[in-house]
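The values are calculated or read from the model by the stated rules, or taken from the named source; none is laboratory data. Note that the structure is predicted; figures quoted are calculated from it, not measured. Because the Cβ atoms are built from the backbone with ideal geometry, glycine has one as well, and the counts that use them run over all protein chains shown. The protein model used for the area step is the full one, side chains on, heavy atoms only, and it has no ligands, DNA or RNA in it. Shrake-Rupley method; radii C 1.70, N 1.55, O 1.52, S 1.80 Å.
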Amino acid sequence: KTLESELSLASPVLCKLLSLNEADSWDNFIFREGLQVLMSFSLIKQGPPNGVYNMHPLVHAWSRDRMTLSEKQTYSSMACGTLSRSLNHGRRQRYEFRRVLASHVRANLGMIEKDQTTINYLDDAYSKFGLLLQEQGYLSEAKKLQFQVLELRNRVLGVKHPDTIWAMANLAVTYRKLGEYTEAEKLEIQVVNARNRIFKAEHSDTIRAMANLAVTYRKLEKYTKAEKLEIQVLDARNRKLGVEHPDTIWAMANLAVTYRNAGKYTEAEKLEIQVLDARNRILGAQHSHTIGAMVNLAATYRNLEKYTEAEKLEIQVLDVRNRKLGVEHPDTIWAMANLAVTYRNAGKYTKAEKLEIQVLDARNRILGEEHLHTIWAMENLAATYQNIGKYREAEKLQIQVLDSRNQMFGVEHPDTILAKENLAETYRHLGKHTEAEKLEIHVLDKVNPISSSLSKGRAQLFNL
C-alpha cells in the first residue's frame, strides 16, 4: 500500500543511512566490514541468534550524550527508519523479535517527547509503531500514536482516503482493548459506513469492518446488534468464500463467542464443535487455529459447568503449546491461566493456585508488573486465594489490581469497579467492614450491574 507523497515516510531516511539503491539493496560486503570494525573495538557484540547484534547500554548512553542536537535529529530519524523497515505486519514475525523491537521503538519515541525537534513525523513508521505497541500491550502509548496518525491523515489525505479509514480502524481496536468501547463504536460505525460507500457491502474490507464493530457491540453487551452483524458476516462469507474457507470459520467462531457472552451456551457449543471439527479436518490437530477452537469450546464447556470436558481440552492445549512454543511463550502462559480458571471453577483450588503462581511469576518476569496481562494474573490468583481462605494474600494482590486499574482505565471503568467489588469482598472476610462499605457504596452507585470475576476468572478467547 503506497501512501500519498504529502506525508513524509521512513523509507527515504533509511536509504540515506544504508545507501540503498532504488531496489532497496546494498553491498553486504561493506556492511559486514563496518560491523567487524565495531566488533573489534567491542562497541557491539553478536548475540546468540545469528544476525542479531547488541550494544552495551553504557556505550549507547555515552554515544547519545556526546551528540549535538543536530546529530540527535539525524540519528533518531535513522533509528526510526530502521525500526520501521524491521516491522512487517503482513508477514508472521517471531514474538521475541517483535518484543525486542517494541523496547527500541518506545526508547525512540521517548526521545521525541523530550525534544519535539529531534525527529519529524514519519507516517509509515508511526502507523507501524502504533500497531506494534497495541499488539504488545502498551495500549495508552499506542492510542496516543494512532490518534496522531489519524489526525495527520485526516488533515493531509482527507477523511475519505482509504489510509485515513485504516488509521480510524486501527485506533478503534486500541480503544476497544483499553475498554473505551463507546469511542471504539463511534469510529467503527464511521469505518463501516465509509467502506460501504467506497467498496460496497460485499467487499472483504467492509465485511471485516462489520466483524470488528460486532466485537465492540459484544463488549458493550449489545448482543442483539452484535449477533445481527455477525450473522450477516457469516452469510456473506459462506456465499462468497464457501463454508470451509478460514474467514468463514472465523465468522462462525465469532458468532459463537457472542452467543456465549449472551448466555446462549447451547447455541455457542453447537457452533464451536463445528469450528473445531472443520479446523481439525482442514488444518490438523496441531495448527494454532485448531488450538484456538479448543480454547473457545473449553470456555463454553466451563460456562455449561462441563468441567471435565473443559479440563480435557485445556490440558491438550497446554501440552501442544508447551511443545511447540515453549514454556515462556505468551500463548503457553494463557493456556496455563485458562486451565487454572477451570480448576478453580471445578473446586480444584490447590491445582489452580499452583498454576496461577506460575502464570503471575512468568508475566511479571516477561511483561512487567504493570502490563494488562500481569494484572489479570494477579486478579485470578487473588480469586483463588479467596476461595481457599487466604484473605491476606488476596487483599495484597487486589490492592495492586485496583491501583493499576485506576491508573490504566480510570475510576469509572467496569474493570476498575470490578476490582473494587472483589477487594470489598475480601475486606468483609477480614472484618474490615468500614473499608468494605466505602468500596461497596461506589460499586452500588453504578447503573450497570457487574458480575464478579471470582467465579469465572480471566480467560483468553480467540476471535477477530
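Inside the range 418-441, residues that are open to solvent by less than 70 Å² (accessible area, probe 1.4 Å), in contact with a helix residue (DSSP H, G or I) (Cβ under 6 Å, 6 or more places away or on another chain) and touching a residue at least 24 places away in the same chain (Cβ under 8 Å) make up a count of 7.
For the range 79-106, how many residues meet the condition of being at pLDDT 80 or above, open to solvent by 20 Å² or more (accessible area, probe 1.4 Å) and in a loop (DSSP other than H, G, I, E, B)? Residues that pass the stated criteria total 0. Residue pairs whose Cβ atoms lie under 6 Å apart, sitting 6 or more positions apart in sequence or on different chains, and linking a residue in the range 147-166 that is closer than 17 Å to K200 by Cα to a partner that is open to solvent by 30 Å² or more (accessible area, probe 1.4 Å) and β-branched (V, I, T), do not occur here. Residue count for the range 328-347, restricted to those that are buried (at least 18 other Cβ atoms within 10 Å of the Cβ) and more than 25 Å from S288 (Cα to Cα): 2. For H371, the conditions (1) open to solvent by less than 20 Å² (accessible area, probe 1.4 Å); (2) in contact with a Leu (Cβ under 9 Å, 6 or more places away or on another chain) are fulfilled apart from (2).
Going through S19, S25, S11 one at a time, which residue ends up being open to solvent by 80 Å² or more (accessible area, probe 1.4 Å) and either of a type in the set (G, A, S) or at pLDDT 75 or above (or both)? None of the others qualify; the one that does is S19. The set of residues from the range 281-327 being more than 29 Å from Q358 (Cα to Cα) and surrounded by fewer than 15 Cβ atoms within 10 Å (Cβ to Cβ) comprises R281, I282, G284.
What number goes with the only condition from (1) of a type outside the set (G, A, S); (2) under 20 Å from the mean Cα position of the chain (by Cα); (3) open to solvent by 20 Å² or more (accessible area, probe 1.4 Å); (4) closer than 30 Å to E96 by Cβ that P414 does not pass? In the conditions (1) of a type outside the set (G, A, S); (2) under 20 Å from the mean Cα position of the chain (by Cα); (3) open to solvent by 20 Å² or more (accessible area, probe 1.4 Å); (4) closer than 30 Å to E96 by Cβ, P414 misses (4) alone. Being among the polar types (S, T, N, Q) and in contact with an Asp or Glu (Cβ under 7 Å, 6 or more places away or on another chain) is a property that T224 lacks. In summary, helices (runs of 4 or more DSSP H) completely within the range 107-217 and bearing 3 or more residues that are at pLDDT 90 or above, touching a helix residue (DSSP H, G or I) at 6+ places or on another chain (Cβ under 6 Å) and within 20 Å of S84 (Cβ to Cβ) occur at 123-135, 139-156, 162-177.
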